[in-house]
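Single-structure report; data block below.
Throughout, read-outs are computed from the coordinates displayed, never taken from laboratory work. Quick caveat, the model's predicted, so the values are computed rather than measured. Please note: Cβ atoms are built from the backbone with ideal geometry, for glycine as well, and neighbour counts cover all protein chains shown.
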Amino acid sequence: MGRAQPLSTALVALVALAVGFLLAGQVKAQLLTPSNQVGRNQALIRSVQDLERTNQADRTKIEALRGEIDALEAQAASQSQTTQGLKNQVADLRAHAGLTPLHGPGVQVDLANGPPGSDPSGQGRNLVTYQDVQDLVNLLFASGAEGVAVSGRRITPMSAFSGSEGEVIVDQGPPLFSPIKIVAVGDRNGMEAALGDPNSLPSLRLREIQYQLTLGVRGAPNESLPAFDGSLEAPHVGPA
Amino acid sequence: MSARPSSRRPRQRSRTSAGPVAVWLIALLVALVATVQLRSQAEVEKSLVQADPATLAFSIDQLSRSNDQLEAQINDLTQRRTKLQSGGSSAADQALQAELDQLRILEGLVPVHGPGVVLVIDASGLTALDLQDALNNLAAGGSEALAVNDRRVVAGVPIVQTAGGVTVGGTLTPPPWTIVAIGDTNRLAETAEAMTQQLRSDRRVRQATYRVESDIVIRAVITERPFVYGVP
């Protein structure tokens, strides 16, 4: 009894000390971010989220409008051979522009960031960049792809890639983040061979080893690509 | 004697059971606070990452411009739908012909013209990846039609590094590269300025210049490849 009481008192004191430590840490963590800065940043984040919602709503609207136009054109084409001829030509060009879904043999490429902290320099070389995606898409087209989609975003003749650290923007966005899934339809053997070539994608392969980025490739007999749901407006260019 | 132990036992039992209960309660409290602490730190880290002002500013700028483009596309499609709803076959023919012309431009199947920039890059040792980067930067910077050394380029035209040098659409295209981009000249000039500045700091580059022109003609066209594997 005489020995047990000091022991339990010491235990309680130790636990109380730990609680105090954690409470202090908690308060410190909260004080680290000045409320003004957090407020400003939260306002910016809200702006991004609002813009993303508008972006998604606009895409849905575009998809619906294209569907309605297609139906109206089909109706008109059923009454005129000239219209039907034009519609067939447009359908072919729409397919090549990525405005209609495409399916067939192909490959799926999964690209993911290396684990956090795997680049001790803090330069984010463990993160997937838009250049990585650009290089992969170019390689796929060069090796026989007839259509490509990046995380559900169909590539068109006007497509471009941009972004900042760890963020990939295809055309009109919104930003995509790791893991990125690239699906291509076309010459499956050609694409698999190009992706398996150790001399292709030098930057990615080096960072795969150094920073554990992951690059997974899988061929499939039937891949599906969605239609492009963004804008193909080109107001500054006209026929010569 | 016997009463003392019996009278002490309950007291002793209550003390021995209250001790562990208190310790367990405190341990529970510690665990609770530790959990809150860890979650709070994770949240702080997460929000700090998200709150990178440069990333947020870039996203806002990009999304605002994108949404403007999407709005323009919605307006165009809405007009097209209205025209189709109001007319019969002739309205449909007009709408289809307009789309046909537009898609031929976008896919690089016809010669085009418009305002833009002309970049000249003279270098030795630049690779296909350098050319792809340059063309992608211009495409992301507002280009609507592109050509390199009179070869038309759209996304999907293979730009490949071969033993003989860089090929564009299967044709050897050695530097100097004259890149023509038609589009919004304000945005394109801004992009070209940044590109040429960066290129001049590259030891492989002898010359990197650009000029803005009010009307550029791209006569080169792409031959459409039919689908062999894909089914629309």
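Just checking the listed ones, A:Val107, A:Val48, A:Val217: in the Gaussian network model of chain A with Cα springs under 10 Å, the one fluctuating most is A:Val48.
Two-decimal Rg/Rh of the protein assembly as shown from alpha-carbon positions, Kirkwood Rh? Ratio value, two decimals: 1.17. Modelled this way, with points 7 Å down the Cα-to-C-beta line, the labels at B:Thr127 and A:Gln210 are 1.3 nm from one another.
Using a Gaussian network model of chain A in which every pair of alpha carbons under 10 angstrom is joined by a spring, one finds that among A:Leu11, A:Leu140, A:Leu201 the greatest mean-square fluctuation is at A:Leu11.
Per residue of A:183-191, other chain Cβ atoms within 10 Å of the residue Cβ number 2 on average.
This model, with +1 at the C-beta of Lys and Arg and -1 at the C-beta of Asp and Glu, gives the protein assembly as shown a dipole about its Cα centre of some 3240 debye.
Positive end of the dipole of the stretch A:102-225 (Cβ unit charges, origin at the Cα centre): among A:Gly196, A:His103, A:Ala145, the Cα lying farthest that way belongs to A:His103. Averaged over peptide B:179-189, the number of partner chain Cβ atoms lying within 10 Å of each residue's Cβ comes to 1. When the P(r) is computed for the stretch A:35-95, the part past 17 Å accounts for 60% of the Cα-Cα pairs. Neighbours of A:Ser178, meaning other residues whose beta-carbon lies under 11 angstrom from its beta-carbon, give a summed charge of -2 when Lys and Arg score +1 and Asp and Glu score -1. Other residues with beta-carbon under 10 Å from the beta-carbon of A:Val150 carry, at +1 per Lys or Arg and -1 per Asp or Glu, a net charge of +2. Ordering A:Ala43, A:Leu72, A:Ile62 by Cα displacement along the dipole of the stretch A:35-95 toward the positive end leaves A:Ala43 in first place; charges were set at the Cβ atoms of Lys, Arg (+1) and Asp, Glu (-1). If every alpha-carbon in the stretch A:32-181 counts as one equal scatterer, what log10 I(q)/I(0) does Debye give at q = 0.10, 0.12, 0.13, 0.18 1/Å? Reported log10 I(q)/I(0), two decimals: -0.53, -0.71, -0.80, -1.19. Computed extension gain for A:Phe177 through A:Ala240, at 0.36 nm per residue and net of the alpha carbon distance, reaches 18.7 nm. Restricting attention to the protein assembly as shown, the count of lysine pairs at 8 or more positions apart or across chains with alpha carbons under 25 Å apart stands at 6. Mean partner shielding of peptide B:215-227, defined as the number of other chain Cβ atoms within 10 Å of each residue Cβ, is 2.
A straight chain from A:Leu17 to A:Ile45 at 0.36 nm per residue would run longer than the Cα-Cα distance by 6.3 nm.
Taking the charge dipole of the protein assembly as shown about its Cα centre, with +1 at Lys and Arg Cβ atoms and -1 at Asp and Glu Cβ atoms, the residue from A:Pro174, A:Gln81, A:Phe21 reaching farthest to the positive side is A:Phe21.
Projected over every direction and averaged, the convex hull enclosing the alpha-carbon atoms of the stretch B:131-232 yields 7.9 nm². For chain A, a Gaussian network of Cα nodes joined below 10 Å ranks A:Ala13, A:Ala160, A:Ala77 by mean-square fluctuation, and the top entry is A:Ala13. Each Lys and Arg adds +1 at its Cβ and each Asp and Glu adds -1 at its Cβ; summed about the Cα centre, the stretch B:107-218 shows a dipole of about 360 debye.
Computed from the alpha carbon atoms alone, the convex hull of the stretch A:102-225 holds 88 Å³ per residue.
Charge dipole (Cα centre; +1 on Lys/Arg Cβ, -1 on Asp/Glu Cβ; no other charges) of the stretch A:102-225 amounts to roughly 120 debye.
Taking the square roots of five times each eigenvalue of the Cα gyration tensor of the stretch B:86-163, the equivalent ellipsoid has semi-axes of 34, 13, 10 Å, listed largest first.
So if R0 is 51 Å, what FRET efficiency would B:Thr171 and B:Ser86 give, r being the distance between their Cβ atoms, rounded to the nearest 0.05? Step by step, r from the Cβ atoms, then E = 0.60.
Dividing the summed helix terms, -39500 (n - 2.57) for each DSSP H run of n ≥ 4, by the number of residues in chain A produces a 222 nm estimate of -17500 deg cm²/dmol to the nearest 500. Seen from A:Val217, the other residues with C-beta closer than 15 Å to its C-beta sum to a net charge of -4, counting Lys and Arg as +1 and Asp and Glu as -1.
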